[in-house]
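The values are calculated or read from the model by the stated rules, or taken from the named source; none is laboratory data. It should be emphasised that the depicted structure is a prediction, and the values quoted were computed from it without experimental measurement. In this analysis, Cβ positions are derived from the backbone assuming ideal geometry, glycine residues included, and neighbour counts consider all displayed protein chains. All accessible areas refer to the heavy atoms of the entire protein, side chains included, with ligands and DNA or RNA removed. Shrake-Rupley method; radii C 1.70, N 1.55, O 1.52, S 1.80 Å.
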Amino acid sequence: MTDLAPLIWNRLRPEDRDWLGALARLAGPHARVALVGGAVRDALLEQTPQDLDVVAEGTDIQALARASALPFLYHPAFQNATVTLPDGRGADLVRARRESYPVAGQNPVPHPSTLEDDLRRRDFAVNALALLIGPGGELALLDELNGLSDLEARVLRPLHPRSFHEDASRLIRAARLAARLGFTADPELLRQVPEALAVSEQTPRLWAELKLLLSEARPGAAARTLEGWGAGEFLPGVEWLEQLDELQDAGQPVSPQLYAAAALHASPDPERLAERLGLGNRPAALLARALSDMYFPDGTPERVLRGLLRPDAPVPLTGRDVLALGVPPGRAVGEALAHLAQLRQEGKISSQEEERSALQRYLATERPQ
């Protein structure tokens with residue numbers, strides 16, 4: 001394992017190595033500082049880590065954050081700090097702890113503890129790897145929970161039998177990771193899915209994780225993974241989300257709001273889903289525009305969503321089309337378009353050809369002076 005430590009270290013950005021080394025020196029010889037979680041996992045997967053999660057044992061977190069001379073926000077309840085790195089990224093500086101869950105799904109109660117206990121409180125073995133960084137630059141990889149074997153097998157395994165009962169949001173996080181990294185579910189993960197479903201209503205973090213899922217590179221793949229695990233009820237419209245993945249793969253930009261709007265359209269209670277996910281009003285407004293008869297140019301989110309949800313919807317005539325048919329510029333153009341919109345709403349026209357015919361009849365009989 002020791003020969004992997006330099007590999008992980010060298011995968012980090014030079015500026016991140018400088019910051020981590022400084023933290024280890026500032027913490028002192030009697031403390032332990034370690035890079036943990038996704039950064040270690042991603043480095044071993046030959047990626048450059050972006051999100052840094054640092055655990056410190058045997059030192060005061062607030063004093064350590066202050067000594068780093070970077071802006072930080074201190075969280076006294078957990079004695080953690082969020083440090084703003086020079087390039088604007090946020091890095092978590094965490095006091096080593098263990099956790100207990102008096103109420104399933106609610107926030108855990110932290111207790112000061114060791115680095116090893118801190119790793120045991122995490123979600124999956126592949127996220128429980130730690131790179132120890134000594135004050136003199138010494139490096140060592142800590143693998144207390146056989147995360148390296150799971151990483152090699154590309155499998156997600158919860159760390160204890162009640163993991164999803166304590167925090168059902170871990171199920172959503174698993175689907176996000178599985179879709180992003182191409183991992184599969186350990187049998188223990190699948191065994192715990194019903195427990196996550198049972199406590200989902202009392203787990204607010206689950207909905208925050210679902211909102212994060214909509215910002216993944218391929219949300220449709222993550223939603224399909226959830227469905228395959230028996231938890232498809234959390235995010236409806238998986239077929240549409242997968243089609244948006246395909247559009248994105250083909251080079252069409254697809255925003256999280258567009259994914260959210262598609263999910264809202266598939267939901268039996270879109271208002272409740274929007275509230276749970278904390279979406280605000282913009283996805284619902286986007287959906288309403290896409291389902292309207294307004295004209296939107298190719299490539300706009302409204303046009304993309306309309307093509308997905310209403311593939312047979314005609315493209316309405318525009319002001320330019322009306323002008324080309326002989327309507328003079330000005331108020332008459334708006335009146336002609338309003339006439340066509342009324343016919344569309346009444347279901348009397350359903351194609352661009354029918355719109356042109358209707359417009360010609362309108363011009364022949366009721367053309368404005």
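When the strands (runs of 3 or more DSSP E) confined to the range 77-145 are screened for residues that are basic (Lys, Arg) and closer than 14 Å to Asp167 by Cβ, none reaches at least 2 such residues. Exactly one residue among Pro194, Pro204 is modelled with pLDDT under 95 and not small (Gly, Ala, Ser), and that residue is Pro204. Of everything listed in (1) surrounded by fewer than 17 Cβ atoms within 10 Å (Cβ to Cβ); (2) outside any loop (DSSP other than H, G, I, E, B), the single unmet condition for Gln252 is (2). Residues of the range 9-20 that are acidic (Asp, Glu), surrounded by fewer than 19 Cβ atoms within 10 Å (Cβ to Cβ) and over 16 Å from Gly134 (Cβ atoms): Glu15 alone.
For the range 179-241, the helices (runs of 4 or more DSSP H) that sit wholly inside it and include 3 or more residues that are open to solvent by 40 Å² or more (accessible area, probe 1.4 Å) and farther than 16 Å from Ser169 by Cβ are 187-199, 219-228. For Glu152, the conditions (1) open to solvent by 50 Å² or more (accessible area, probe 1.4 Å); (2) of a type outside the set (Val, Ile, Thr); (3) in a loop (DSSP other than H, G, I, E, B); (4) closer than 22 Å to Gln50 by Cα are fulfilled apart from (3). Out of His165, His160, one residue alone is touching a helix residue (DSSP H, G or I) at 6+ places or on another chain (Cβ under 9 Å), under 25 Å from Leu129 (Cβ atoms), open to solvent by 10 Å² or more (accessible area, probe 1.4 Å) and part of a loop (DSSP other than H, G, I, E, B). It is His160. When the range 92-107 is limited to residues that are open to solvent by less than 30 Å² (accessible area, probe 1.4 Å) and farther than 18 Å from Ala81 by Cβ, the one that is farthest from the chain's Cα centre (by Cα) turns out to be Ala104.
Note on the range 62-71: residues that are open to solvent by 40 Å² or more (accessible area, probe 1.4 Å), assigned to a loop (DSSP other than H, G, I, E, B) and in contact with a strand residue (DSSP E or B) (Cβ under 8 Å, 6 or more places away or on another chain) total 1.
Given the condition in contact (Cβ under 8 Å) with a residue 24 or more places away in the chain, in a helix (DSSP H, G or I) and open to solvent by 70 Å² or more (accessible area, probe 1.4 Å), answer yes or no: does some residue in the range 21-32 qualify? Yes, the range 21-32 has at least one match.
Pairs linking a residue in the range 47-58 that is farther than 16 Å from Pro86 by Cα to a residue that is β-branched (Val, Ile, Thr) and assigned to a loop (DSSP other than H, G, I, E, B), with Cβ atoms under 8 Å and 6 or more positions apart or on different chains, are Glu57/Thr114. If you go through the range 279-304 and keep only what is modelled with pLDDT of 95 or more and in contact with a Phe, Trp or Tyr (Cβ under 9 Å, 6 or more places away or on another chain), you end up with just Pro283. Among Glu366, Glu335, which is the only one that is modelled with pLDDT of 75 or more and either open to solvent by less than 90 Å² (accessible area, probe 1.4 Å) or more than 15 Å from Met294 (Cα to Cα) (or both)? After applying the criteria, what remains is Glu335. Can you give me the number of residues within the range 260-315 that are within 21 Å of the chain's Cα centre (by Cα), closer than 27 Å to Gly347 by Cβ and open to solvent by less than 30 Å² (accessible area, probe 1.4 Å)? The number of residues fulfilling the criteria is 8. Exactly one residue among Thr59, Thr48 is under 26 Å from the mean Cα position of the chain (by Cα) and either charged (D, E, K, R) or surrounded by fewer than 21 Cβ atoms within 10 Å (Cβ to Cβ) (or both), and that residue is Thr48.
Could you please let me know if Gly88 is on the phi > 0 side of the Ramachandran plot and in contact (Cβ under 8 Å) with a residue 12 or more places away in the chain? Spell out how you get there, then give the answer.
On the way: on the phi > 0 side of the Ramachandran plot: yes; in contact (Cβ under 8 Å) with a residue 12 or more places away in the chain: no.
Against the criterion (on the phi > 0 side of the Ramachandran plot and in contact (Cβ under 8 Å) with a residue 12 or more places away in the chain), Gly88 does not qualify.
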